[in-house]
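Peer 1: Sharing a structure below in structure tokens format, with a few things to ask.
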Amino acid sequence: MPVEEHIAAPLSLRQRRRAAATQEILDAAERHIAENGPAALSLRAVARSLGMTVQALYHYFPSRDDLVTALIAKAYEALAEAVGAAVDAAEDGSPLERVVIAAEGYRQWALAHPGRFQLLYGAPLRHYEAPVDGPTTQALRRMSAIFEREIFGGFAPAQLAAADTPGLSPELLAYLGQLPPTGRRELPPPATALVMSAWGHMHGLVVLEVFGHTSFLGDHQAEIFRMAMRNLVEDIHRRIPVAGAGAGDNGPGRSHRRTDDSVHAWPCGSAAGGRGDEERAL
């Protein structure tokens with residue numbers, strides 16, 4: 001018996017009009033952020049730019065928090081799409097190249113959309129609280145999954161659990177072990193520590209460039225970034241033992257290989273506009 005495919009009912013005229021108006025409001029809010037920064041976002045200013053009253057805008061976004069949540073989720077989705085597209089375009093590249101290209105996709109999106117990037121990672125918006133496990137967290141997890149896959153995709157759980165992370169206290173490892181997964185797989189605490197450290201390095205360089213603190217490097221900023229990412233990936237994978245080796249076999253300077261015997265790959269926040277579960281989201 002053939003399997004019947006579920007066909008979604010077409011949207012009504014009212015639903016299509018509402019979707020179009022919602023998108024128009026989001027577009028106007030993004031333009032406002034690009035011109036004035038996230039802190040200056042107001043429903044009144046967005047409504048004025050569209051020739052609407054604030055009361056009319058409330059039919060689509062009942063509060064400023066609802067609008068901010070939609071903007072953050074949309075920005076994370078766009079950032080994840082940029083990173084994913086960069087990785088897909090490097091399908092024939094080595095794992096190391098794919099990770100560096102993923103990081104470059106992250107960097108290029110941030111430079112192209114500094115206002116939206118600041119909405120995600122700048123100073124928290126006053127009085128905004130992201131919904132717990134809401135759309136902003138879900139969108140961020142999609143991006144996290146891409147980086148975690150590219151960093152650790154070829155390693156077995158036992159290898160990741162035996163990664164060399166000296167100096168981490170048993171209390172921290174226990175805390176990392178009880179946190180919910182951020183990507184599509186559950187990482188052992190040592191791997192979680194490595195990816196958090198790596199993301200901090202990558203993100204820190206991007207923030208410095210977006211806010212103009214490395215402008216003295218001129219056109220060489222991209223080269224510095226790529227060098228840092230390659231070094232970062234190589235350091236992560238030196239810390240992961242070869243398949244079948246014990247944790248005690250790890251050592252500085254030793255070259256480790258993934259279980260698929262390929263060259264290695266690598267990582268990627270937390271919406272600055274809100275707290276919620278996003279504080280752990282990568």
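Peer 1: Name the shape class, rounded, prolate or oblate, that the alpha-carbon gyration tensor gives for the range 57-158, where a ≥ b ≥ c are the square roots of its eigenvalues, rounded holds for a/c under 1.5, and otherwise prolate holds if a/b is larger than b/c and oblate otherwise.
Peer 2: It is prolate, given that a/c is not under 1.5 and a/b is the larger ratio.
Peer 1: Same structure again: Among rounded, prolate and oblate, which fits the range 71-125 when a ≥ b ≥ c are the square roots of the eigenvalues of its C-alpha gyration tensor, a/c under 1.5 means rounded, and a/b larger than b/c means prolate?
Peer 2: On the way: a/c = 3.16, a/b = 2.39, b/c = 1.32.
Note, shape of the range 71-125 comes out prolate.
Peer 1: Using modelled amide H (1.01 Å from N, peptide plane; none on Pro or chain starts), what sits under 5 Å from the amide H of residue 242, excluding residues fewer than 5 places away?
Peer 2: 257
Peer 1: Could you look at the range 1-120 and say what percent of its accessible area is carbon and sulfur, using a 1.4 Å probe and all protein chains?
Peer 2: On the way: 3560 of 6750 Å².
Carbon and sulfur: 53 percent of the exposed surface of the range 1-120.
Peer 1: A further question follows. How much length is gained on full extension from residue 179 to residue 34, taking 0.36 nm per residue of separation minus their Cα-Cα distance?
Peer 2: Values: separation 145, 0.36 × 145 = 52.20 nm, distance 3.46 nm.
The span from residue 179 to residue 34 would gain 48.7 nm if fully extended.
Peer 1: Output the peptides 229-241, 42-54 sorted from most to least packed, where packing is the average of other Cβ atoms within 10 Å over each peptide's residues. Could the numbers behind the result be given before it?
Peer 2: Working: 229-241: 20.5, 42-54: 15.1.
Peptide ranking by packing, descending: 229-241, 42-54.
Peer 1: Highest mean first, how do 213-225, 131-143 rank when packing is the count of other Cβ atoms within 10 Å averaged over residues? Please report the intermediate quantities before stating the final value.
Peer 2: Working: 213-225: 12.3, 131-143: 19.8.
The peptides rank, most packed first, as 131-143, 213-225.
Peer 1: Here is a further query. Using the alpha-carbon centroid of each, what span in Å lies between the range 113-157 and the range 174-200?
Peer 2: 14
Peer 1: Output wanted: per-residue J couplings in Hz (rounded whole) for the range 202-215, from phi through Karplus 6.51 cos²θ - 1.76 cosθ + 1.60, θ = phi - 60°, x for Gly and Pro.
Peer 2: 4, 4, x, 5, 5, 4, 4, 6, 4, 8, x, 7, 10, 4
Peer 1: May I pose another question? Output wanted: per-residue J couplings in Hz (rounded whole) for the range 90-103, from phi through Karplus 6.51 cos²θ - 1.76 cosθ + 1.60, θ = phi - 60°, x for Gly and Pro.
Peer 2: For the range 90-103, the Karplus-derived couplings read 9, 3, 8, x, 5, x, 4, 5, 4, 5, 5, 5, 4, 5 Hz, x marking Gly and Pro.
Peer 1: Using only the Cα atoms of the range 116-208, build the gyration tensor, take square roots of its eigenvalues as a ≥ b ≥ c, and label the shape rounded, prolate or oblate: rounded if a/c is under 1.5, else prolate if a/b is larger than b/c, else oblate.
Peer 2: prolate
Peer 1: Sticking with this one: What ³J(HN,Hα) values, in whole Hz, does the Karplus curve 6.51 cos²θ - 1.76 cosθ + 1.60 give for the range 45-61 when θ = phi - 60°, with x put for Gly and Pro?
Peer 2: My calculation for the range 45-61 gives 5, 5, 4, 4, 5, 9, x, 10, 8, 4, 4, 5, 5, 4, 5, 9, 9 Hz in order.
Peer 1: Determine which residues of the range 182-215 fall in the zone a paramagnetic label at residue 227 would reach in this model, i.e. backbone nitrogen under 19 Å from the point 7 Å along Cα→Cβ.
Peer 2: From the range 182-215, the list is 201-210, 213-215.
Peer 1: In debye, nearest 20, what is the charge dipole magnitude of the range 188-239 about its Cα centre with +1 on Lys and Arg Cβ and -1 on Asp and Glu Cβ, if you could check?
Peer 2: Working: 4 positive and 5 negative charges, 47 e Å.
It comes to approximately 220 debye.
Peer 1: Go ahead and run the numbers for FRET between residue 27 and residue 63, Cβ-Cβ distance against an R0 of 22 Å, rounding to 0.05. Could the numbers behind the result be given before it?
Peer 2: Values: r = 19 Å, r/R0 = 0.88.
Computed FRET efficiency for residue 27 and residue 63: 0.70.
The values are calculated or read from the model by the stated rules, or taken from the named source; none is laboratory data. The model shown is predicted, which means the values in this text are computed figures rather than measured ones. Don't worry about glycine lacking a Cβ; one is built from the backbone with ideal geometry, like all the others, and counts go over all protein chains shown. Keep in mind that these areas ignore ligands, DNA and RNA; they rest on the heavy atoms of the full protein, side chains included. Shrake-Rupley method; radii C 1.70, N 1.55, O 1.52, S 1.80 Å.
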